[in-house]
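To keep things clear, I will list the structure first and then write my remarks on it.
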Amino acid sequence: MEISTQPPRGTSDILPGQSEHWQRLESLAKDHLQRAGYKEIRTPTFEHTELFKRGVGETTDIVSKEMYTFSDKSDRSLTLRPEGTAGCVRAFLNAGLHRQSPPVKLWYQGPMYRYERPQTGRQRQFHQLGIEAFGSQGPLIDVEVIVVAHDFLKALGIEDFEVQLNSLGDQACRPAYRELLREKLRSRLDKLCADCKDRFERNPLRMLDCKVPTCQEQYKDIPSAIEHLCDDCQTHWQKLIELVEAQGIKPVINPRMVRGLDYYTRTAFEFVAKDKRLGTQSSIGGGGRYDKLVEMFGGPATPAVGWAFGVDRLLMLLSDTTASTLPAFVVSSNAEKALGIATDLRRAGITTELDFPGQGQLPRNFSKQMQQANKQQAAFVVILGDDELAKGEATIKDMKDGSQKVVSQSELASVLGIELQRK
Ligand code: AMP
């Protein structure tokens, strides 16, 4: 059988031309998150299956339908991570980070895997950027994580999005609300989709964010969790909204937003961008509070809050950004000399290219080399013709206005450095 050059369904290659956008986003994310005190954590891309079953929740679509689970040669059941929080919580406990003074603030990024039906904005291998803040209970830290996400989007140049907020209650008020939902919906079960029927017993809250319009029709008059919060959850919720607004963010209250993971308590939020480039996938990121997860993994009671953004989706919103230009391209009648000068410039910190023809002798004629420089959108071309080589000089040509300047080769890097700063 011939080897297929197609990547597996639902995955894609990140090619030159695209990877620059990824690098820009990653470096901006790193600066932005570290400025707010979040430190990077890198956890394995696969974990024991049990971690996700318990951590994400057996009733979720992720665990029940979408996991890439396999047995290794020692018959351990392992799963490619479908999300980042469960691994972070495991590592947090394993490394004893719960003994550090709170809050412990982490960020991560990397590929995630879900066996979903691929479509625009939805892949089987996708990439998330996320933060987790452990050890602080009040709404202040919820607001910090929301503001950090909001300002990150703005820094990327993404302007058109909503911050949707909801509260899902906690163990004091959620059981009663869950029962209320069952009571109200039992008689309507035959009008609901198969997924909702299934969720009715296992996780009725998830019924509310079903995307099927006929189900939504049935949920129209159903009271929201916000109307049934206990006093503590109500106080947290009111303060959260007040503080988010005080930071200049106008949240959209969405009582139907439940989110796909079981571990949330109280605060849940989603960043939604209504942009046609995302197809039907308008959620670009989301998160919430998960005060019980660390305890469920065998650790001490530790409140926590976090979010994850889909990097692939964020980049779809940035696809208009123009390709970056190349600072310098060396053109010469002597290929070895061209490589030597390019090396000098690179050592001086200037990104530089030169001509390497696929076939034939080096160097190619000047116009072929200039064509390459143009193709790569060089800001400056450094010309080393016979004349320049004989005198130990170089001509710097500004490709935008065509102006030229002759300098000695020894001062080339510093003059070019100054010219580039002026751009
Ligand atoms: P979740 O972990 O489901 O809360 O998802 C958080 C974010 O990850 C979403 O808002 C999306 O931006 C992104 N995401 C989730 N699933 C996928 C997928 N299958 N393909 C691409 N992005 C995804």
TODO: Identify all residues within region 339-372 that are touching a Phe, Trp or Tyr at 6+ places or on another chain (Cβ under 9 Å) and polar (S, T, N, Q); write none if there are none.
DONE: 352, 369, 372
TODO: Just one of (1) without any contact (Cβ under 8 Å) to a residue 60 or more places away in the chain; (2) over 22 Å from residue 35 (Cβ atoms) trips up residue 83, so point out which.
DONE: (1)
- [ ] Can you tell me which residue among 284, 341 is in contact (Cβ under 8 Å) with a residue 24 or more places away in the chain and closer than 16 Å to residue 413 by Cβ?
- [x] 341
TODO: Return yes or no: is residue 209 among the acidic types (Asp, Glu), within 23 Å of residue 253 (Cα to Cα) and in contact (Cβ under 8 Å) with a residue 60 or more places away in the chain?
DONE: no
- [ ] Working carefully through the options 258, 212, 244, find the one that is within 16 Å of the ligand (Cβ to nearest atom) and aliphatic (A, V, I, L, M).
- [x] 258
- [ ] For residue 312, state whether it is crowded, with 18+ Cβ neighbours inside 10 Å, within 16 Å of the ligand (Cβ to nearest atom) and either over 36 Å from the mean Cα position of the chain (by Cα) or of a type outside the set (Val, Ile, Thr) (or both).
- [x] yes
TODO: Only helices (runs of 4 or more DSSP H) wholly contained in region 125-223 count here; list those with 2 or more residues that are surrounded by fewer than 13 Cβ atoms within 10 Å (Cβ to Cβ) and over 27 Å from the mean Cα position of the chain (by Cα).
DONE: 174-185, 194-202, 213-219
- [ ] Only one of these is among the small types (Gly, Ala, Ser) and under 20 Å from residue 289 (Cα atoms): 110, 17, 84. Name it.
- [x] 84
Open item on the list: For region 344-402, which positions are surrounded by fewer than 13 Cβ atoms within 10 Å (Cβ to Cβ), among the acidic types (Asp, Glu) and in contact (Cβ under 8 Å) with a residue 40 or more places away in the chain?
Closed with: 386
- [ ] Return the residue satisfying two criteria in turn: it lies in region 89-116 and is surrounded by 20 or more Cβ atoms within 10 Å (Cβ to Cβ) and among the aromatic types (Phe, Trp, Tyr), and of such residues it is nearest to residue 78 (Cα to Cα).
- [x] 113
TODO: Report yes if some residue within region 146-156 is more than 16 Å from the ligand (Cβ to nearest atom), at pLDDT 95 or above and aliphatic (A, V, I, L, M); otherwise report no.
DONE: yes
- [ ] Looking for whichever is farther than 15 Å from residue 164 by Cα, surrounded by fewer than 17 Cβ atoms within 10 Å (Cβ to Cβ) and touching a strand residue (DSSP E or B) at 6+ places or on another chain (Cβ under 7 Å) here; the options are 325, 302, 280, 265. Which one fits?
- [x] 325
Task: Pair list, Cβ under 7 Å, 6 or more apart: region 403-422 residue within 10 Å of residue 380 (Cβ to Cβ) and modelled with pLDDT of 95 or more, other residue surrounded by 15 or more Cβ atoms within 10 Å (Cβ to Cβ) and among the aromatic types (Phe, Trp, Tyr) - done: 416/380
- [ ] Hey, can you tell me all the residues within region 63-88 that are exposed (fewer than 12 other Cβ atoms within 10 Å of the Cβ) and of a type in the set (Gly, Ala, Ser)?
- [x] 71, 74
Open item on the list: among the acidic types (Asp, Glu) and away from the ligand (no atom under 16 Å from the Cβ): is that true of residue 353 in this structure?
Closed with: yes
Open item on the list: Name the single residue that is surrounded by the fewest Cβ atoms within 10 Å (Cβ to Cβ) among those in region 283-299 being small (Gly, Ala, Ser) and within 14 Å of the ligand (Cβ to nearest atom).
Closed with: 283
TODO: Please work out if residue 11 is surrounded by 12 or more Cβ atoms within 10 Å (Cβ to Cβ), within 30 Å of residue 196 (Cβ to Cβ) and touching a residue at least 12 places away in the same chain (Cβ under 8 Å).
DONE: no
- [ ] Restrict the check to region 168-182 and report whether at least one residue is within 16 Å of the ligand (Cβ to nearest atom) and not β-branched (Val, Ile, Thr).
- [x] yes
- [ ] May I ask you to list pairs of residues, at least six apart or on different chains, whose Cβ atoms are under 7 Å apart, with the first in region 106-127 being on the phi > 0 side of the Ramachandran plot and the second being more than 6 Å from the ligand (Cβ to nearest atom)?
- [x] 110/45; 110/127; 121/278; 121/279; 121/281; 121/316
Task: Odd one out for residue 73 among (1) in contact (Cβ under 8 Å) with a residue 24 or more places away in the chain; (2) among the charged types (D, E, K, R); (3) out of contact with any helix residue (DSSP H, G or I) (no Cβ under 6 Å at 6 or more places or on another chain) - done: (1)
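The values are calculated or read from the model by the stated rules, or taken from the named source; none is laboratory data. Note that this is a predicted model, so its numbers are computed, not measured. Heads up, the Cβs are rebuilt from the backbone with ideal geometry, glycines too, and the neighbour counts pull from every protein chain shown.
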